[in-house]
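Only the coordinates and a few stated rules stand behind these numbers; no lab work does. This structure is a prediction, so every number in the text was calculated from the model and none was measured. Heads up, the Cβs are rebuilt from the backbone with ideal geometry, glycines too, and the neighbour counts pull from every protein chain shown.
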Amino acid sequence: MNRLFFVAVLAVSSQSAAHADESRIGRYLGVGVGATHIDGRVIEFDDGDPTDYTADFGDDGAAYSVTAGYNFWASGNLVAGLEGSFVGDEAKSDVFFDYEGLADEDYPIQLSTKFQTNARLRVGVTQGAWLLYATGGVAYGQFEYRLTDSPDVELDKTKQLGWTAGAGLEKSLNERWSVRLDYAHADYGSDTFSAPIYGSGFRENSSIETDNLTIGVSLSM
């Protein structure tokens, strides 16, 4: 009798665990709002040689995100999936080109983000209704540089590919809705664009990093 009872309990437990695993697999859509921070540096080159002009950027701004994902694997309290996000923000940084340690007010320059996107692997551990996860993947963004002197002149729009890594915390409210806090750091490497407004042969090398923190809701499909 005791053996039959133990086998029955084990069977019910295994079935419940399998059902719990299956319930975590599937598609989801999410939206979020929060803040972004952007850091950047521009180094000027004249015919391939670096000049003494540099510009260091740093600014914060409001951000919003749209996310689509798919959890493709779950076992016990582990879950893994893929997700992609679009991040829009209002971060703009205005500085002067720095010449040998002094701000050159003849060359005011502005860096702004046009958009950021990413594709990430997400791996997490569940505890009850909570999911603690880490993310990593590829980031792609477009950034704009402007010379903000009179007249206002667009220097270039750079499209830069890099990497992203982050972490987050999610809580299920019911079978379909959840809330989450998500952080992602992105390094977009460096890119070079021409700056003929300064003269022929002048090019700028830009490097950009961003940090995004958003809170939002997700809907399981």
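Of note:
- Summary of the geometry: region 164-193 and region 70-136, compared by the centres of their Cα atoms, lie 7 Å apart.
- Phi to ³J(HN,Hα) by Karplus 6.51 cos²θ - 1.76 cosθ + 1.60 over region 63-70, Hz, x for Gly, Pro: 9, 9, 9, 10, 10, 10, x, 8
- Amide H contacts of residue 115 (H built 1.01 Å from N, in plane; Pro and chain starts excluded): 142 sit under 5 Å, all sequence-distant by 5 or more or on other chains.
- Couplings 3J(HN,Hα) for region 39-53, derived from phi with the Karplus relation 6.51 cos²θ - 1.76 cosθ + 1.60 (θ = phi - 60°), are 10, x, 9, 10, 10, 8, 10, 10, 6, x, 9, x, 8, 8, 9 Hz, where x marks Gly and Pro.
- Karplus (6.51, -1.76, 1.60) ³J(HN,Hα), θ = phi - 60°, over region 133-149, in Hz, Gly and Pro reported as x: 9, 10, 10, x, x, 10, 10, 9, x, 10, 10, 10, 10, 10, 8, 8, 6
- Gaussian network model of the chain, springs between alpha carbon atoms under 10 Å - residue of 176, 146, 41 with greatest fluctuation: 176
- Axis angle, to the nearest 10 degrees, between helix 2-24 and the longest C-alpha principal axis of the chain: 30 degrees.
- Option label - P(r) over Cα pairs in 5 Å bins from 0, in percent computed here, alternatives (i) 1, 7, 13, 17, 17, 15, 11, 7, 5, 3, 2, 1, 1, 1, 0, 0; (ii) 1, 6, 14, 19, 21, 18, 12, 7, 2, 0; (iii) 1, 7, 13, 16, 13, 10, 9, 8, 6, 5, 4, 3, 2, 1, 1, 1, 1, 0, 0: (iii)
- Legend: ranking of residues 188, 183, 107 from fewest to most surrounding C-beta atoms inside 10 Å; resulting order 183, 107, 188.
- Dipole magnitude of the chain, debye to nearest 20 (Cβ charges: Lys/Arg +1, Asp/Glu -1, about Cα centre): 2420
- Remark: the residue 51-residue 173 segment gains 38.3 nm on full extension, using 0.36 nm per residue and subtracting the alpha carbon distance.
- Residue 90 long-range amide H proximity, modeled H, under 5 Å: 62
- Between residue 122 and 81, 82, 83, the built amide H atoms are under 5 Å apart, and every one of these is 5 or more places off in sequence or on another chain.
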